[in-house]
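Notes for the one structure printed next.
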Amino acid sequence: MRNVAIVYFSGYGHTKKVAEHIKIGIERVKEVYASLLSVDEIKDVDALNDYEAIVFGAPTYMGSVPYQFKKFMDDASKVWLKQAWKDKLAAGFTNSGSLSGDKFNVLMQLCTFACQQGMIWLSLGVENTSGQYESSSGHVKALNRMGASLGLMTQSENNTPDVTPPIGDKKTAELFGQRIANYVLKLG
C-alpha cells in the first residue's frame, strides 16, 4: 500500500472539503491510501517522512498562504536539513472566495516550498471544460473552470462547505487525486 499525505489548513471548512475530494480521487486507485492532515494537528513534521507523496493545500488569504500554513512550512526547515522529503512526489491546491484572488501566487509558494525540499512537483493535468457549457467561461459544472495548470484552484461562495465549492471544482479535485495516485504508483 502506498501512502499519500494531504496536508492542509482550512479556516472555514472549504479547503478541507477540497482535500476530502482529492482523497476520494486518490483512493479510487487501488493500492494507494490518503491521510488528511490539518497543519493544526501536525506536532512533528518528521511524521510526514514515511509518505510517498505529500499534497499541500491552503486557502488564499490576501494573495498568500495563511500564517498557519506558513508556520508549517517554516517548521519543515528541519526536514530540509536532512533532505528527508527529497524525491517525494508533491502537488498543491488552493481555494478562495473570489475567482482569482491571486491563487496562482499561493500555488507558486507551495511549489517553491516543495522544490526547496527537493520534491518532484506534479501539475494539475486536467483540461478546462468551460466551453462545453453554453460557452460560459468558469461554469460551475466545468472541470478546471479557472484554467489552472500549476495545481488545483477552486472557489467557494460565502456559504457553508456542504454547498460550496461547486460540483465542477469537486470533480476536478477527484481527478487531480487520481492523477496523484497514478504517479505515486509510476514512481513507486
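The values are calculated or read from the model by the stated rules, or taken from the named source; none is laboratory data. For clarity, every value in this text was computed on a predicted model and none was experimentally measured. Using ideal geometry, Cβ is built from the backbone for each residue, glycine included, and neighbour counts are taken over all protein chains shown. The accessibility values were calculated without ligands, DNA or RNA, using every heavy atom of the protein model including side chains. Shrake-Rupley method; radii C 1.70, N 1.55, O 1.52, S 1.80 Å.
This table checks each residue for (1) within 22 Å of Arg2 (Cβ to Cβ); (2) at pLDDT 95 or above; (3) in contact with a Ser or Thr (Cβ under 8 Å, 6 or more places away or on another chain); (4) surrounded by fewer than 19 Cβ atoms within 10 Å (Cβ to Cβ).
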{"residue": "His21", "(1), (2), (3), (4)": "yes, yes, no, no"}
{"residue": "Gly25", "(1), (2), (3), (4)": "yes, yes, no, no"}
{"residue": "Arg28", "(1), (2), (3), (4)": "yes, yes, no, yes"}
{"residue": "Asn49", "(1), (2), (3), (4)": "yes, yes, no, yes"}
{"residue": "Phe56", "(1), (2), (3), (4)": "yes, yes, no, no"}
{"residue": "Thr60", "(1), (2), (3), (4)": "no, yes, yes, no"}
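The number of residues in segment 104-124 that are without any contact (Cβ under 8 Å) to a residue 60 or more places away in the chain, part of a loop (DSSP other than H, G, I, E, B) and buried (at least 17 other Cβ atoms within 10 Å of the Cβ) comes to 2.
When residues in segment 1-19 are screened for being buried (at least 20 other Cβ atoms within 10 Å of the Cβ) and assigned to a loop (DSSP other than H, G, I, E, B), 2 of them pass.
Across segment 139-188, the qualifying residues are those that are open to solvent by less than 10 Å² (accessible area, probe 1.4 Å), assigned to a helix (DSSP H, G or I) and not hydroxyl-bearing (Ser, Thr, Tyr), and the one among them that is nearest to Tyr33 (Cα to Cα) is Ala181. Residues of segment 67-87 that are crowded, with 16+ Cβ neighbours inside 10 Å and assigned to a loop (DSSP other than H, G, I, E, B): Ala76, Ala84, Trp85.
Confirm whether Gly101 is loosely packed, with under 15 Cβ neighbours inside 10 Å, at pLDDT below 95 and on the phi > 0 side of the Ramachandran plot. Talk me through it step by step, then tell me what you get.
On the way: loosely packed, with under 15 Cβ neighbours inside 10 Å: no; at pLDDT below 95: yes; on the phi > 0 side of the Ramachandran plot: yes.
Judged against the criteria, Gly101 is not a match.
Taking the numbered list (1) of a type outside the set (Lys, Arg); (2) more than 19 Å from Arg145 (Cα to Cα); (3) not in a strand (DSSP E or B) in turn, Ala90 passes all entries but (3).
Whether any residue in segment 101-115 is of a type outside the set (Gly, Ala, Ser) and more than 21 Å from Ala19 (Cβ to Cβ) is what I want to check.
First, the residues of segment 101-115 that are of a type outside the set (Gly, Ala, Ser): 102-113, 115.
Then keep just the ones that are more than 21 Å from Ala19 (Cβ to Cβ); that gives 115.
Yes, because at least one residue in segment 101-115 is of a type outside the set (Gly, Ala, Ser) and more than 21 Å from Ala19 (Cβ to Cβ).
Does Val79 satisfy being among the hydrophobic types (A, V, I, L, M, F, W, C), at pLDDT below 95 and farther than 16 Å from Gly57 by Cα? Judged against the criteria, Val79 is not a match.
Under the condition of being under 19 Å from Ser10 (Cβ atoms) and in a strand (DSSP E or B), the residues counted in segment 37-61 number 9.
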